[in-house]
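**Student:** So that we are looking at the same thing, I have put the structure below in structure tokens.
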Amino acid sequence: MFRRREGMRKWFYEVVERFRQKGAVSPDKAMTATELGLPPRFEEAMKRRLGRLGVFVEVDGKYYLSEERLKQVEELRAARGTGRNSRKKMLTLRIVQIVTIILFVTLLLVNLYVQSWEIRVISSLFLVVWLVISVLQIYYLLRIRKRMSSSSQIDKPHTNVKQEHRNRP
């Protein structure tokens, strides 16, 4: 699965580079897929997900690269990538928090029968660790929310780009 995704990403950036080399980066410099030397699968892909992405814009059967939309898509991908890392950190913190609570409760129960000051100190340390983990969870939740709100502003529909160029005289 990852190899296919990497292959698709590589092909996508090769096509982007082809558009730049041929100079098809504005509506007035748009070219057909054959002029750009693109395979027939490009036009098929434009009817599906690639077209919905809005990086390559079709105007009267010709295509051009929207650098602005490409930048937005790259920013969105970067934001989503860091969001995954934050989610992994949150999951790890939750697991550590659960283990810490289990150890804390176990020590408290042991302390009922053994009554040792060492166990009380250790259980107090576990309580402090649990509080630190809770604060870290809140911190990461706030970071995830902030990123999600900023990435939702980046992820605008590409139909506005098409409509702008159709409305030009």
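The values are calculated or read from the model by the stated rules, or taken from the named source; none is laboratory data. All values derive from a computational prediction rather than experimental measurement. Heads up, the Cβs are rebuilt from the backbone with ideal geometry, glycines too, and the neighbour counts pull from every protein chain shown.
**Student:** Can you pull out every residue in the stretch 1-26 that is at pLDDT below 85 and basic (Lys, Arg)?
**Tutor:** Scanning the stretch 1-26 gives Arg3, Arg4, Arg5, Arg9.
**Student:** So which residues in the stretch 122-138 are at pLDDT below 90 and exposed (fewer than 12 other Cβ atoms within 10 Å of the Cβ), if there are any at all?
**Tutor:** Ile138
**Student:** Now a separate question. Being loosely packed, with under 12 Cβ neighbours inside 10 Å and within 21 Å of the chain's Cα centre (by Cα) narrows it down to one residue among Glu6, Glu74; which is it?
**Tutor:** Selected residue: Glu6, the only one of Glu6, Glu74 that is loosely packed, with under 12 Cβ neighbours inside 10 Å and within 21 Å of the chain's Cα centre (by Cα).
**Student:** Of all residues in the stretch 104-118, which are surrounded by fewer than 16 Cβ atoms within 10 Å (Cβ to Cβ) and either touching a helix residue (DSSP H, G or I) at 6+ places or on another chain (Cβ under 6 Å) or among the hydrophobic types (A, V, I, L, M, F, W, C) (or both)?
**Tutor:** Taking the stretch 104-118 as the starting set, the residues that turn out to be surrounded by fewer than 16 Cβ atoms within 10 Å (Cβ to Cβ) are 105-106, 108-110, 112-118.
Listed by number, the residues that qualify are Val105, Leu108, Leu109, Val110, Leu112, Val114, Trp117.
**Student:** While we're looking at this one, here's another question. Within the stretch 78-115, track down each residue that is polar (S, T, N, Q) and at pLDDT 80 or above.
**Tutor:** Of everything in the stretch 78-115, those that are polar (S, T, N, Q) and at pLDDT 80 or above turn out to be Thr92, Gln97, Thr100, Thr106, Asn111, Gln115.
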